[in-house]
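Some notes on the structure that comes next.
Every read-out reported here was derived from the displayed coordinates using simple, explicitly stated rules and does not represent laboratory data. All figures in this text were calculated on a predicted structure; none of them were measured in a lab. Using ideal geometry, Cβ is built from the backbone for each residue, glycine included, and neighbour counts are taken over all protein chains shown.
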Amino acid sequence: MTIHDKIMLCKISLIETINDELKNICQIEHSRHRSVVNFISNLISGLLAYSFLPKKPGIKYETQDTFGQLALF
């Protein structure tokens with residue numbers, strides 16, 4: 001298994017947590033919109049509601065100055 005795959009396996013629970021919060025708390029998942037405008041407005045309002053949540057999970061990362069590479073921890 002490559003190092004990239006190992007890192008992603010460690011971070012999959014965090015990604016699933018964020019998806020769960022977006023679906024259940026911010027109510028983004030709704031499949032019966034009657035127009036594209038309603039879909040976009042529901043999506044934007046859900047993302048805004050998520051941005052105002054007090055505790056949000058996140059992935060810690062640092063950039064290295066040598067080549068602008070990304071290091072995940």
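Neighbour counting of Cβ atoms within 10 Å sorts the residues 2, 17, fewest neighbours leading, into 2, 17. Taking packing as the residue-averaged number of other Cβ atoms within 10 angstrom, the listed peptides 48-57, 25-34 run from highest to lowest as 25-34, 48-57. Excluding same-chain neighbours fewer than eight residues apart, the aspartates and glutamates reachable from residue 55 by a Cα-Cα span under 13 Å are 21. Phi angles across the range 5-21 convert, under the Karplus curve 6.51 cos²θ - 1.76 cosθ + 1.60 with θ = phi - 60°, into 3J(HN,Hα) values of 5, 5, 5, 5, 5, 6, 8, 5, 5, 5, 5, 5, 5, 5, 4, 5, 5 Hz, Gly and Pro given as x.
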